[in-house]
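Heads up: the structure comes next, in structure tokens.
The values are calculated or read from the model by the stated rules, or taken from the named source; none is laboratory data. In this text the structure is predicted, and so the values were computed from the model without any measurement. Cβ placement follows ideal geometry from the backbone for every residue including glycine, while neighbour counts extend to all protein chains displayed. Note: accessible area is taken over every heavy atom of the protein model, side chains too, but ligands, DNA and RNA are not part of it. Shrake-Rupley method; radii C 1.70, N 1.55, O 1.52, S 1.80 Å.
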Amino acid sequence: MPITPRLTCICIKWGTLYPTEHVNRLFRAVLRKTDRDVDFYCMTEMAEGLDNRIRVIPLEEQPYEARMRATQKTVKKQGALRKIAMFNPAIFEDDVGPVLALDLDILITGDLDEMADFAPGHVTMRGPFAPDAEPRTFGEGSIIKFEPKHHGFLYSTMAENPEEAVVMCKGSEQTYTSTLAHENGVFTAYPSEWIVSFKYHCRPKRPLNLFVPPKLPSDARIVCFHGRPNVDEALNGYKSDPFHSTRPAQWIADNWT
């Protein structure tokens with residue numbers, strides 16, 4: 001009888017933008033949305049309060065990081081390039097399979113197992129929500145499936161020449177990741193209906209957003225909360241200007257526990 005593979009996930013948390021409880025909620029959501037045993041890693045310098053089942057990886061200064069930051073000041077995008085530390089193959093066990101790298105500003109609403117199994121051997125991301133935005137990208141970085149034993153170039157390219165890497169991606173982590181995967185012939189986009197944007201695909205258009213609750217698309221497995229509101233802000237309804245206000249939605253509460 002074949003052995004059921006484990007589900008491996010990783011996130012990174014630095015600073016205080018997101019509280020520790022965001023990591024714990026993300027971990028609990030992963031447990032709810034898989035039938036597999038889970039290895040969940042968190043890279044952070046602030047592990048206090050994390051669920052004791054989460055594998056903590058100390059977030060340390062990478063050898064290339066000072067040069068990366070210096071070059072990033074000269075380019076257009078001040079993206080989250082620290083996330084590249086998650087691609088270091090040395091973090092994981094030698095026999096690890098696909099890894100799902102998860103941002104903290106997402107809501108998991110559907111099955112993760114098929115996402116881990118999708119396009120074996122390839123780096124997998126959703127296509128960009130705004131294809132014409134700058135810098136251009138092949139993929140949106142809220143969830144990235146990669147395989148450490150095959151995709152070590154995602155780490156080594158930055159480690160070996162951070163100046164060239166940062167200029168190539170114009171300071172955007174998702175441009176860096178998807179472009180390198182594409183250039184190496186191992187990029188595949190997830191089905192767009194699996195990963196949706198709260199602001200583009202869930203929130204009703206103005207002025208209906210003031211009266212009609214946000215809707216969860218039927219095939220959505222990941223909802224991305226880029227910009228405002230954040231997940232916790234949208235939970236009980238978000239009151240801002242007419243462009244951003246939303247009504248409460250029970251499906252957010254059901255998946256954010």
Check whether at least one residue in segment 74-89 is open to solvent by 40 Å² or more (accessible area, probe 1.4 Å) and over 19 Å from the mean Cα position of the chain (by Cα), and report yes or no.
-> yes
Among the residues of segment 183-208, write down those that are free of Cβ contacts under 8 Å to residues at least 40 places away in the same chain, outside any helix (DSSP H, G or I) and either acidic (Asp, Glu) or within 30 Å of residue 150 (Cβ to Cβ) (or both).
-> 184, 185, 191, 196
Restricting attention to segment 187-198, the residues that are touching a Phe, Trp or Tyr at 6+ places or on another chain (Cβ under 8 Å) and either of a type in the set (A, V, I, L, M, F, W, C) or at pLDDT below 95 (or both) number exactly 3
So which pairs qualify, if the first residue must be in segment 209-235 and touching a residue at least 12 places away in the same chain (Cβ under 8 Å) and loosely packed, with under 15 Cβ neighbours inside 10 Å, the second must be of a type in the set (A, V, I, L, M, F, W, C) and in a strand (DSSP E or B), the Cβ gap must be under 8 Å, and the two must be at least 6 apart or on different chains?
-> 217/196
By my count, strands (runs of 3 or more DSSP E) wholly in segment 64-181 with at least 1 residues that are aromatic (Phe, Trp, Tyr) are 140-146
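Where residues in segment 236-257 are in a helix (DSSP H, G or I) and in contact with a helix residue (DSSP H, G or I) (Cβ under 7 Å, 6 or more places away or on another chain), which of them is surrounded by the most Cβ atoms within 10 Å (Cβ to Cβ)?
Looking at the filtered set, the residue picked out is 252.
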Given the conditions (1) open to solvent by 30 Å² or more (accessible area, probe 1.4 Å); (2) closer than 22 Å to residue 223 by Cα; (3) out of contact with any Lys or Arg (no Cβ under 7 Å at 6 or more places or on another chain), and given that residue 36 satisfies all but one, which numbered condition is not satisfied?
-> (3)
Does residue 8 count as more than 26 Å from residue 167 (Cα to Cα), assigned to a strand (DSSP E or B) and polar (S, T, N, Q)?
-> yes
